[in-house]
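Engineer: Sharing a structure here in structure tokens format.
The values are calculated or read from the model by the stated rules, or taken from the named source; none is laboratory data. All figures in this text were calculated on a predicted structure; none of them were measured in a lab. Heads up, the Cβs are rebuilt from the backbone with ideal geometry, glycines too, and the neighbour counts pull from every protein chain shown.
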């Protein structure tokens, strides 16, 4: 179980564009790419039933992942997600400067 505080969880939700309790999104991932990304980054299948958290959405599964996995596993995943986010924003920035 990770030891993230409520404030940290709120910041994570904003950073990864999870959009609050009603939203099922995490960045620009589809269900399949999200599953593949987490499997590659953390070696765990986010589609496992243990990550069902009220719904089957990516955001709800990530919330369950945060609750159930250790700080080391969550930290490793977040490191990879931040790197992914940086790549997304770098690409968006490059497109804006070209246009």
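Engineer: Condition first: modelled with pLDDT of 90 or more, surrounded by 15 or more Cβ atoms within 10 Å (Cβ to Cβ) and part of a loop (DSSP other than H, G, I, E, B). Now tell me which residues in region 1-14 satisfy that.
Structural biologist: Once the filter is applied, which keeps residues that are modelled with pLDDT of 90 or more, surrounded by 15 or more Cβ atoms within 10 Å (Cβ to Cβ) and part of a loop (DSSP other than H, G, I, E, B), region 1-14 yields only 4.
Engineer: Output the number of residues of region 15-48 satisfying the condition of being in a loop (DSSP other than H, G, I, E, B) and on the phi < 0 side of the Ramachandran plot.
Structural biologist: 16
Engineer: For region 27-36, what are the residues that are over 18 Å from residue 69 (Cα atoms) and either modelled with pLDDT under 90 or crowded, with 16+ Cβ neighbours inside 10 Å (or both)?
Structural biologist: Listed by number, the residues that qualify are 27, 29.
Engineer: Which number in (1) surrounded by fewer than 17 Cβ atoms within 10 Å (Cβ to Cβ); (2) closer than 19 Å to residue 86 by Cβ marks the one condition that residue 42 misses?
Structural biologist: The one condition residue 42 does not meet is (1).
Here is a yes/no grid of residues against (1) surrounded by 13 or more Cβ atoms within 10 Å (Cβ to Cβ); (2) under 12 Å from the mean Cα position of the chain (by Cα); (3) under 22 Å from residue 1 (Cβ atoms); (4) at pLDDT 95 or above:
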| residue | (1), (2), (3), (4) |
| --- | --- |
| 16 | yes, yes, yes, no |
| 38 | yes, yes, yes, yes |
| 54 | no, no, yes, no |
| 69 | yes, no, yes, yes |
| 78 | yes, yes, yes, yes |
| 81 | yes, yes, yes, yes |
| 92 | no, no, no, no |
| 98 | no, no, no, no |
